[in-house]
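Here is the structure we will look at.
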Amino acid sequence: MSRAVKVIVTHRMFFPLVCLVLVLALNIIVTVTTTGSAGPFFQIVMTNGTLNGPLITILNRSSELVILALGMTIVVSASAGADISVGAVMALSGAVSVWLLGYGQLKTNNYHVLTYVVPLAVGLLVALVVGVICGVWNGFLVSKLKIQPMVATLILFTGGRGAAKVVSDGQIPKVDVPSYKWLGSFIQDSRGDNLIPIPTPIFVAAAMVIITVVVLRFTALGTTIQSVGINARASRIVGLKSSRVILMAFVFCGACAAIAGMIATSRIGGIDTNNCGKMLELDAILAVALGGNSLAGGKFSLSGSVIGAITIQTLTTVLYSINVTADQLPLYKAIVVVVIVVLQSPELRPMVRRGLAAVQGLGTRKVAER
Amino acid sequence: MSHHTDDTPRLGGGLWRGLRARFYGNNFLVLITVILFVAIYLAGVIIYRNKNFGSLNSFFDMLNSNPGLIVIAAGMTMVLVSGGIDISVGAQVAMYCMMFAFFMENKGVNAYVMIVVVLVTGLVFGLVQGVLVAYFRIQPFIVTLAGMFFARGMTAVISPQTIDITNKQFMNLALFKIKFPFGGYTNAGGVYQTPFIYLSVVLALVGLVAVYVIMTWTAFGRSVYAVGGSEQSALLMGLNPKSVKLRVYVFNGLLTAYGGFLFCLFSTGGAVEKAQGFEMQAIASSVIGGALLTGGVGNVLGSFVGVLVQTTIVKFINFNGTLANGWSSIVLAAIMSFFIILQSVFTRLRARRE
């Protein structure tokens, strides 16, 4: 193996990028078999002042997951566990903000918000606050009471969605004010013309990525989180407030879930508490793992997780195009997760070595017998 | 129990020491649960006295609607004692229900053959999860989260449509009642209501006792406690923690399939959304019943009391009649938080004492 190849293959972005390329290749193959050429997959056309095309759709649809993956990466790194409540927090924060936007008029208008009771910005801010509160609760259980992260977040995983249902009276409240849909589709002027041709979620996701990367890169925070994740006790002895770092990780994750929830509710113009963020928790964990991050905590790569999130959305797209239904998707994703974690397992290498040795041993013994 | 010798003569010192030993002993959490159950049940009997809350029928209702949970909570306790967790049980139950419904209704497979097929599937499911947890050292949560998604997805692959079970053999099992000659009440229409339990409850209690016996009086059961308490010490004692863990997950897979069968006897149908949040109910039952999430401590019979506490609360919500269905999961989450925090405080107190 020449040195250049070795450098490329052992680079930490190699694995995530290979996965992305593989899934993109799958998409191209499916496009070729259905339309006869790979062209349609790369086509980007301008219609009604918006850019359209499979690639734009994938980027657009992956926005929520990219944002969730940011929060999840930090939680995994700092706590060596995962936050499995993100989907429920999305639903809860969405439900609370819609409830506030249509406060008092939901029941009389058959669960439609016709005019905002409070400004949209307040509604979104409240959603963010709900996410932060959920994050504080999760973080408190993990960092102060020393409960395993996934058990602690299991509480909101169940209770959060129940609370969302109670807030929205078990209905699917819709918001009929046009500006509500801006966050999930395109920013429009007062006449309903699209001002910017690129879907808003892409901007939000990009902004979140840039802010997170800048904050973690240019302050000691990134290193602090990794150090706590590698050894919380040692970090505390060195003088870092380990429990506060873990708490902040969960708060950030909750905030990310709330922002993802805002986009998801804006996309459909209302809050469907049964389906908002449903089964996204595994996708977020999968994105982190696909990004080449160890689920055992410590060192992390945000860019890896972002690529992981886009890979998952690309995989979802290809599965949908071969007629897999939304309910069946988890089956395939579960298989991908298992393959990745097995490949990551520190036990795999010795196991393979032992297996090879056994095979070789068999060979040499045969030779000796002869 | 006491490591310190207290030389100061004190009035009632023996009683005090005994109480303290009891307080720090592992059965203290179970004791709290039993008291809690008796208290809320009596409260229900008093508050809803004109709705026959206190009748034997009402008590049997709680068992009749939860045969699957009784068995699966027992299995969950075993997994928690081993230091693991299994959050795939709800999705697995959905998958087994769908298997029963699809193969019996659409393919005409014999009900008894299906019972065997489902039990074997559970065994294999547990085996795969067990190998990943024990031999590849992947966190149980990640493995069983993947298992949960796999089973939920598989349910939709078997059939995206809801299927109701009408198979005669199966329905005969499902509707087999054991009637009790006493404890009933006469309803508003003047008809005497005979209390009864379904066959599935008897099967569930047999499963519960079997798990209790295995966990308490067999070498395997004791080694599960040892491995969950401290893997290092178990290793030094000459146990093989990997093999113990593997067997725990295999056994739990079998129990989940058995519980899925009992759940199906009650719900008699298959649907993708079946048994949503069931894993939480099972974990909550174990935790309420005194199982520590850190492993090594847990009581199988306690998990049964946990099931009773939970179903009583659900009963409260149903009897109230005005609360939305989201409330039961909120209340469940609240009880779960209460017990988890209690455990955390309890463990810390005990650690400080040692």
When you check A:Leu125 against the structure, is it surrounded by fewer than 24 Cβ atoms within 10 Å (Cβ to Cβ), over 20 Å from the mean Cα position of the chain (by Cα), aliphatic (A, V, I, L, M) and within 14 Å of chain B (Cβ to nearest Cβ), yes or no?
no
Which one of these does A:Phe300 not meet: (1) over 30 Å from B:Ile158 (Cα atoms); (2) at the interface with another protein chain (Cβ under 8 Å from one of its Cβ atoms)?
(2)
Here the residues within the range A:22-33 that are surrounded by 12 or more Cβ atoms within 10 Å (Cβ to Cβ) and of a type in the set (Val, Ile, Thr) are A:Val23, A:Ile28, A:Ile29, A:Val30, A:Thr31, A:Val32
Among (1) more than 13 Å from chain A (Cβ to nearest Cβ); (2) outside any loop (DSSP other than H, G, I, E, B), which single condition is B:Gly298 missing?
(2)
Is there any pair linking a residue in the range A:315-328 that is more than 11 Å from chain B (Cβ to nearest Cβ) to one that is crowded, with 19+ Cβ neighbours inside 10 Å and not aliphatic (A, V, I, L, M), with Cβ under 7 Å and at least six apart or on different chains, and which?
A:Thr317/A:Asn27; A:Val318/A:Asn27
Output the number of the condition that B:Gly54 fails; it satisfies all remaining conditions of (1) touching a residue at least 40 places away in the same chain (Cβ under 8 Å); (2) outside any helix (DSSP H, G or I).
(1)
Identify, please: which residue in the range B:161-177 is of a type in the set (Val, Ile, Thr) and crowded, with 18+ Cβ neighbours inside 10 Å and is, among those, nearest to the other protein chains (Cβ to nearest Cβ)?
B:Ile163
Looking only at the range B:252-289, which residues are closer than 30 Å to B:Leu342 by Cα and either among the hydroxyl-bearing types (Ser, Thr, Tyr) or touching a Ser or Thr at 6+ places or on another chain (Cβ under 6 Å) (or both)?
B:Thr256, B:Gly277, B:Met280, B:Ser285, B:Ser286, B:Ile288, B:Gly289
Considering only the range B:227-240, state which residues are over 20 Å from the mean Cα position of the chain (by Cα) and touching a residue at least 40 places away in the same chain (Cβ under 8 Å).
B:Val227, B:Gly229, B:Ser230, B:Glu231
Residue that is farthest from the other protein chains (Cβ to nearest Cβ), among those in the range B:264-288 that are within 14 Å of B:Leu308 (Cα to Cα) and either of a type in the set (S, T, N, Q) or in contact with a strand residue (DSSP E or B) (Cβ under 9 Å, 6 or more places away or on another chain) (or both):
B:Ser285
Could you go through the range B:79-99 and let me know if any residue there is surrounded by fewer than 22 Cβ atoms within 10 Å (Cβ to Cβ) and assigned to a helix (DSSP H, G or I).
no
Search the range B:138-160 for residues that are more than 7 Å from chain A (Cβ to nearest Cβ) and pair each with any residue that is of a type in the set (Phe, Trp, Tyr) and surrounded by fewer than 24 Cβ atoms within 10 Å (Cβ to Cβ) when their beta-carbon atoms are under 6 Å apart and the residues are at least 6 apart or on different chains.
B:Ile158/B:Phe102; B:Ser159/B:Phe102
Please state which one of A:Val166, A:Val177, A:Val151 is more than 10 Å from every other protein chain (Cβ to nearest Cβ), among the β-branched types (Val, Ile, Thr) and either within 30 Å of B:Thr144 (Cβ to Cβ) or surrounded by 14 or more Cβ atoms within 10 Å (Cβ to Cβ) (or both).
A:Val177
A:Ala264 passes all but one of the listed conditions (1) of a type outside the set (S, T, N, Q); (2) away from every other protein chain (no Cβ under 14 Å); (3) more than 13 Å from the chain's Cα centre (by Cα); the exception is number (3)
(1) modelled with pLDDT under 90; (2) within 14 Å of chain A (Cβ to nearest Cβ); (3) farther than 30 Å from A:Thr158 by Cβ: which one isn't true of B:Tyr135, the others all being true?
(1)
For the range A:173-199, enumerate the residues that are under 24 Å from the mean Cα position of the chain (by Cα) and in contact (Cβ under 8 Å) with a residue 60 or more places away in the chain.
A:Tyr180, A:Lys181, A:Trp182, A:Leu183, A:Gly184, A:Ser185, A:Phe186, A:Ile198, A:Pro199
Check B:Ala291, B:Ala333 and return the single one that is among the hydrophobic types (A, V, I, L, M, F, W, C) and either touching a strand residue (DSSP E or B) at 6+ places or on another chain (Cβ under 8 Å) or at the interface with chain A (Cβ under 8 Å from one of its Cβ atoms) (or both).
B:Ala333
Considering only the range A:32-66, state which residues are touching a residue at least 40 places away in the same chain (Cβ under 8 Å) and assigned to a helix (DSSP H, G or I).
A:Thr34, A:Pro54, A:Ile56, A:Thr57, A:Ile58, A:Leu59, A:Asn60, A:Arg61, A:Ser63, A:Glu64, A:Leu65, A:Val66
Just to be sure, is B:Tyr135 free of Cβ contacts under 8 Å to residues at least 24 places away in the same chain and over 28 Å from B:Phe304 (Cα atoms)?
no
Is at least one residue of the range B:314-336 over 23 Å from B:Ala91 (Cα atoms), assigned to a helix (DSSP H, G or I) and aliphatic (A, V, I, L, M)?
yes
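The values are calculated or read from the model by the stated rules, or taken from the named source; none is laboratory data. All values reported here derive from a predicted model rather than from experimental measurement. Glycine also receives a Cβ, built like all others from the backbone with ideal geometry; neighbour counts cover every protein chain displayed.
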